[in-house]
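Peer 1: Can you read through this structure? Questions will come right after.
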Amino acid sequence: MIIRVGTSGYSFEDWRGNFYPEQIEKGKMLDHYMKFFPAVEINSTYYRIPHPAVMANIDRKTPAEFEFIVKTPEKYTHKRRERDDARQPFLECLKPMRDSGKLKGVLAQFPYSFKYSLSNLKYIAECSQDFPPDTFFVEFRHSSWDNPDTFKALKSARVPYVSVDEPQLPGLLKPELKISSDTAYLRLHGRNASQWWEGGALRYDYDYSDQELEEWKNKVRQLEGQVNKTFVFFNNCHLGQAVKNARQMMAKLNL
């Protein structure tokens with residue numbers, strides 16, 4: 001089983017001094033990041049679809065074996081009635097990474113308000129048609145999705161499921177590693193329960209303990225023989241905690 005560990009984004013000002021050199025140029029951050037990690041999620045595409053030349057420049061900086069997951073625009077997940085407006089610009093921005101072979105999928109992070117229903121399952125299947133099979137990764141935040149019919153439908157549509165680690169609050173998903181394809185995907189958001197609903201960016205202010213990381217390491221290892229590949233991305237990006245925990249996880253997995 002191939003395992004790729006990284007962080008959810010890399011261009012953060014508050015990583016200066018704890019991961020990046022204090023005076024590093026913003027344009028050099030990826031050069032530094034890829035010395036430590038083999039993959040990254042690009043999350044900025046959720047807010048604004050960049051020109052293909054921007055993505056081509058990012059792609060050129062990385063070695064052939066580097067891997068990208070790119071988040072879908074909010075018009076796919078949060079402003080769904082506007083998806084048609086985003087489809088072509090988003091596909092065009094992905095082309096440089098797709099052509100180089102470094103694009104391994106897109107991440108659709110649906111909001112807590114997006115709950116299980118047959119119509120929402122149909123919408124997911126429709127979205128997945130914009131991309132090659134098994135590359136439209138879906139992340140849910142509401143616990144209603146944790147049911148057998150969800151996984152049956154995702155497998156049928158060849159849509160990989162994204163497992164999450166988040167605070168154990170009512171309505172949120174449990175910290176379980178589940179699969180709907182031959183690729184597993186785990187996003188660790190932290191367990192900052194007090195800030196989750198109203199804290200804004202502070203919801204991701206969390207430093208995983210060694211025991212918590214050990215538990216997830218064991219869950220990942222238990223997938224041996226069930227999947228070909230597993231992505232593990234840390235989204236607890238506040239003050240570089242994602243970098244710290246991702247490197248700890250890589251050490252635990254002997255990567």
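The values are calculated or read from the model by the stated rules, or taken from the named source; none is laboratory data. Here the structure is a predicted model, which is why all the values come from computation and not from measurement. Cβ sites come from the backbone with ideal geometry, for glycine too, and all protein chains shown count toward neighbours.
Peer 1: For Leu154, state whether it is crowded, with 20+ Cβ neighbours inside 10 Å and either touching a strand residue (DSSP E or B) at 6+ places or on another chain (Cβ under 6 Å) or not in a loop (DSSP other than H, G, I, E, B) (or both). Step through it out loud before you land on a result.
Peer 2: Details: crowded, with 20+ Cβ neighbours inside 10 Å: yes; either touching a strand residue (DSSP E or B) at 6+ places or on another chain (Cβ under 6 Å) or not in a loop (DSSP other than H, G, I, E, B) (or both): yes.
Answer is yes for this residue.
Peer 1: Here is a further query. Here are Tyr33, Tyr47: which of them is surrounded by 20 or more Cβ atoms within 10 Å (Cβ to Cβ) and hydroxyl-bearing (Ser, Thr, Tyr)?
Peer 2: Values: Tyr47 fails: surrounded by 20 or more Cβ atoms within 10 Å (Cβ to Cβ).
The match here is Tyr33.
Peer 1: For region 100-122, which residues satisfy the criterion of being of a type outside the set (A, V, I, L, M), surrounded by 15 or more Cβ atoms within 10 Å (Cβ to Cβ) and not in a loop (DSSP other than H, G, I, E, B)? Show your work before the answer.
Peer 2: Filtering region 100-122 for residues of a type outside the set (A, V, I, L, M) gives 100-102, 104-105, 109-117, 119-120, 122.
Restricting the remaining residues to those that are surrounded by 15 or more Cβ atoms within 10 Å (Cβ to Cβ) gives 100, 102, 104-105, 109-110, 114-116, 120.
Matches in region 100-122: Ser100, Lys104, Gly105, Gln109, Asn120.
Here's the yes/no breakdown for (1) more than 17 Å from the chain's Cα centre (by Cα); (2) without any contact (Cβ under 8 Å) to a residue 12 or more places away in the chain:
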site: Gly199; (1), (2): yes, yes
site: Tyr204; (1), (2): no, no
site: Tyr208; (1), (2): yes, no
site: Leu213; (1), (2): yes, no
site: Trp216; (1), (2): no, no
site: Glu224; (1), (2): yes, no
site: Asn228; (1), (2): yes, no
site: Val243; (1), (2): no, no
site: Arg247; (1), (2): no, no
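Peer 1: Quick one: which residue in Thr45, Thr7 is assigned to a helix (DSSP H, G or I) and at pLDDT 95 or above? Walk me through how you get there before you give the answer.
Peer 2: Working: Thr7 fails: assigned to a helix (DSSP H, G or I).
Thr45 is the lone residue from the list that is assigned to a helix (DSSP H, G or I) and at pLDDT 95 or above.
Peer 1: Let me ask something else about it. Here's a check for you: in region 60-70, which residue that is surrounded by 13 or more Cβ atoms within 10 Å (Cβ to Cβ) and hydrophobic (A, V, I, L, M, F, W, C) is farthest from Lys35 (Cα to Cα)? Step through it out loud before you land on a result.
Peer 2: Residues of region 60-70 that are surrounded by 13 or more Cβ atoms within 10 Å (Cβ to Cβ), as a first pass: 61-62, 66-70.
Those still in the list that are hydrophobic (A, V, I, L, M, F, W, C) too: 66, 68-70.
Numbers: Phe66: 11, Phe68: 15, Ile69: 18, Val70: 20 Å.
Ranking the candidates gives Val70 first.
Peer 1: Restricting to region 94-124, and then to whatever is farther than 25 Å from Glu166 by Cβ and of a type in the set (A, V, I, L, M, F, W, C), can you tell me which residue is nearest to the chain's Cα centre (by Cα)?
Peer 2: Within region 94-124, the match that is nearest to the chain's Cα centre (by Cα) is Leu103.
Peer 1: Take Arg4 and decide whether it is closer than 24 Å to Ser100 by Cα, in contact (Cβ under 8 Å) with a residue 60 or more places away in the chain and of a type in the set (Lys, Arg). It would help to see each step written out before you state the result.
Peer 2: Values: closer than 24 Å to Ser100 by Cα: yes; in contact (Cβ under 8 Å) with a residue 60 or more places away in the chain: yes; of a type in the set (Lys, Arg): yes.
Criteria met by Arg4.
Peer 1: I'm told Phe137 meets every condition in (1) assigned to a loop (DSSP other than H, G, I, E, B); (2) in contact with a Leu (Cβ under 6 Å, 6 or more places away or on another chain) except one. Can you identify the failing condition by its number?
Peer 2: Condition (1) is where Phe137 drops out.
Peer 1: Restricting to region 54-85, give me the number of residues that are within 16 Å of Lys102 (Cβ to Cβ) and part of a helix (DSSP H, G or I). Give the derivation first.
Peer 2: First, pick out the residues of region 54-85 that are within 16 Å of Lys102 (Cβ to Cβ): 54-71.
If we keep only those that are part of a helix (DSSP H, G or I) too, we end up with 54-61.
Number of matching residues: 8.
Peer 1: Take the residues in region 71-99 that are farther than 19 Å from Ala56 by Cβ and acidic (Asp, Glu), then tell me which one is surrounded by the most Cβ atoms within 10 Å (Cβ to Cβ).
Peer 2: Only one residue fits best here, namely Glu74.
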